[in-house]
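Asker: Below is the structure I would like to discuss, written out as structure tokens.
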Amino acid sequence: MGDKTMTADEVVSRLSSGMTLGIGGWGSRRKPMALVRALLRAGIGDLTVVSCGGPDVGVLAAAGRIRRLVTAFVTLDSVPLEPHYRAARESGAFELTEVDEGMLLSGLRAAAHRLPFLPVRAGLGSDVMRVNPALRTVTSPYEDGETLVAMPALRMDAALVHVNRADRLGNGQYLGPDPYFDDLFCEAADEAYVSCERIVDTAELTKAAAPQSLLLRRLSVTGVVEAPNGAHFTSCAPDYGRDEEFQRAYASTPWPEFAERFLAGDEKEYREAVRRWRKEPRG
């Protein structure tokens, strides 16, 4: 229950190839991109990734680090389909388990509660059952006798999430409009690592913000990383919005060129590369 502060490199030193890794956020919103970039630098791969996917999935897919992806979608929001994910998927670079958003939520809830599955209506009458032949149904033991999908628990070895503020003990606070599934990712994983815009004293978490904004509890958090602008180029409202111009450049640049220019060094070098790019004239 003591000080859980770490660096991003210390976090990834505790991860390894072959893990099942959950990544919080939603599309191109509040993604733990500084931790994902550290993961890329570490060379960790053969991952099973669980994510409401955005550029986190895009960069890991483009770099060949994903063995299997469990998701309901992969989008950049203002760019409807993540292009690097699309290229990797069309080439058959990894296995895809695509489920309904409600099913993904239920899978996380089941894992958080240490249940083997949860019954859900989502997926019934759709092609979700056809494209996921391993899914099973269950019959309600009560008078209704309803047939439901048995969504298996999405247990993970580790989870990465990003929030606005956290304390050194692992309590985390979001200040934007949506918690996404970040709390469930942390509770469903054996270890959870949280990056944040700013580490504050515990007392400050309760000032000038609604109590329900205290999203993450220290009991479900393994480590905390202070990473200002750590969600870039995704949004982290209200601290900053999505960097739309840079996202368009990411989406339109061939992966080897983008990786060489922006991801060859550490996080400081990434920020410097973005700064230099921003100063370039635009035609």
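Asker: Please pick out the residue among VAL274, VAL224 that is within 25 Å of ALA158 (Cβ to Cβ) and not in a loop (DSSP other than H, G, I, E, B).
Answerer: Result of the check over VAL274, VAL224: VAL224.
Asker: If TYR240 meets every condition in (1) closer than 16 Å to ARG278 by Cβ; (2) in contact with a Phe, Trp or Tyr (Cβ under 6 Å, 6 or more places away or on another chain); (3) not polar (S, T, N, Q) apart from one, which number is that one?
Answerer: All conditions are met except number (2).
Asker: Would you pick out the residues in segment 164-185 that are closer than 18 Å to ASP3 by Cα and of a type in the set (A, V, I, L, M, F, W, C)?
Answerer: Once the filter is applied, which keeps residues that are closer than 18 Å to ASP3 by Cα and of a type in the set (A, V, I, L, M, F, W, C), segment 164-185 yields ALA166, LEU169.
Asker: Could you please give the count of residues in segment 224-283 that are touching a residue at least 60 places away in the same chain (Cβ under 8 Å), basic (Lys, Arg) and more than 16 Å from ARG30 (Cβ to Cβ)?
Answerer: The total comes to 1.
Asker: Same structure, new question: Can you report the number of residues in segment 190-214 which are in contact with a Cys (Cβ under 9 Å, 6 or more places away or on another chain) and surrounded by fewer than 24 Cβ atoms within 10 Å (Cβ to Cβ)?
Answerer: 1
Asker: Still on this structure, I have one more. Within segment 29-75, how many residues are part of a loop (DSSP other than H, G, I, E, B), surrounded by fewer than 24 Cβ atoms within 10 Å (Cβ to Cβ) and under 14 Å from the mean Cα position of the chain (by Cα)?
Answerer: 3
Asker: Which condition number does ASP77 fail, the rest of (1) in contact with a strand residue (DSSP E or B) (Cβ under 9 Å, 6 or more places away or on another chain); (2) under 24 Å from MET19 (Cβ atoms) being met?
Answerer: The number of the failed condition is (2).
Asker: Within segment 1-14, take every residue that is in contact with an Asp or Glu (Cβ under 8 Å, 6 or more places away or on another chain) and outside any helix (DSSP H, G or I) and give me the one that is surrounded by the fewest Cβ atoms within 10 Å (Cβ to Cβ).
Answerer: Here the residue is ARG14.
Asker: Return the residue satisfying two criteria in turn: it lies in segment 15-28 and is under 15 Å from PHE94 (Cβ atoms) and outside any loop (DSSP other than H, G, I, E, B), and of such residues it is nearest to the chain's Cα centre (by Cα).
Answerer: So, considering only residues that are under 15 Å from PHE94 (Cβ atoms) and outside any loop (DSSP other than H, G, I, E, B), the one nearest to the chain's Cα centre (by Cα) is ILE23.
Asker: Something else: Can you go through VAL50, VAL59 and tell me which one is within 20 Å of VAL131 (Cα to Cα) and not charged (D, E, K, R)?
Answerer: None of the other options fit; the residue is VAL50.
Asker: Do the conditions hold for PHE233, that is, is it aromatic (Phe, Trp, Tyr) and touching a Lys or Arg at 6+ places or on another chain (Cβ under 7 Å)?
Answerer: Taking the combined requirement at face value, the residue satisfies it.
Asker: Let me ask another. Looking at GLU280, GLU269, GLU245 in this structure, which one is at pLDDT below 95, surrounded by fewer than 14 Cβ atoms within 10 Å (Cβ to Cβ), over 15 Å from VAL36 (Cβ atoms) and not small (Gly, Ala, Ser)?
Answerer: GLU280
Asker: Return the residues of segment 179-212 that are under 22 Å from GLY241 (Cα atoms) and modelled with pLDDT of 95 or more; say none if nothing qualifies.
Answerer: PRO179, TYR180, PHE181, ASP182, ASP183, VAL194, SER195, CYS196, GLU197, ARG198, ILE199, VAL200 - these are the residues of segment 179-212 that are under 22 Å from GLY241 (Cα atoms) and modelled with pLDDT of 95 or more.
Asker: Given the condition in contact (Cβ under 8 Å) with a residue 60 or more places away in the chain and touching a helix residue (DSSP H, G or I) at 6+ places or on another chain (Cβ under 7 Å), answer yes or no: does some residue in segment 132-139 qualify?
Answerer: No, every residue in segment 132-139 fails to be in contact (Cβ under 8 Å) with a residue 60 or more places away in the chain and touching a helix residue (DSSP H, G or I) at 6+ places or on another chain (Cβ under 7 Å).
Asker: Where in segment 87-189 are the strands (runs of 3 or more DSSP E), entirely inside, with at least 1 residues that are hydrophobic (A, V, I, L, M, F, W, C) and surrounded by 23 or more Cβ atoms within 10 Å (Cβ to Cβ)?
Answerer: Of the strands (runs of 3 or more DSSP E) lying wholly inside segment 87-189, those with at least 1 residues that are hydrophobic (A, V, I, L, M, F, W, C) and surrounded by 23 or more Cβ atoms within 10 Å (Cβ to Cβ) span 147-152, 156-166.
Asker: Further question: Residues in segment 249-263: is at least one closer than 19 Å to LEU76 by Cα, within 19 Å of the chain's Cα centre (by Cα) and in a helix (DSSP H, G or I)?
Answerer: Within segment 249-263 (the criterion being closer than 19 Å to LEU76 by Cα, within 19 Å of the chain's Cα centre (by Cα) and in a helix (DSSP H, G or I)), the answer is yes, since at least one residue qualifies.
Asker: Could you check segment 129-148 and list, in sequence order, the residues that are under 20 Å from HIS113 (Cβ atoms) and under 25 Å from the mean Cα position of the chain (by Cα)?
Answerer: LEU135
Asker: If you take the residues of segment 184-223 that are among the acidic types (Asp, Glu) and in contact (Cβ under 8 Å) with a residue 60 or more places away in the chain, which of them is farthest from THR20 (Cα to Cα)?
Answerer: GLU187
The values are calculated or read from the model by the stated rules, or taken from the named source; none is laboratory data. Please read these numbers as outputs of a predicted model, since none were measured by experiment. Positions of Cβ are generated from backbone atoms using ideal geometry, with glycine treated the same way; all protein chains shown enter the neighbour counts.
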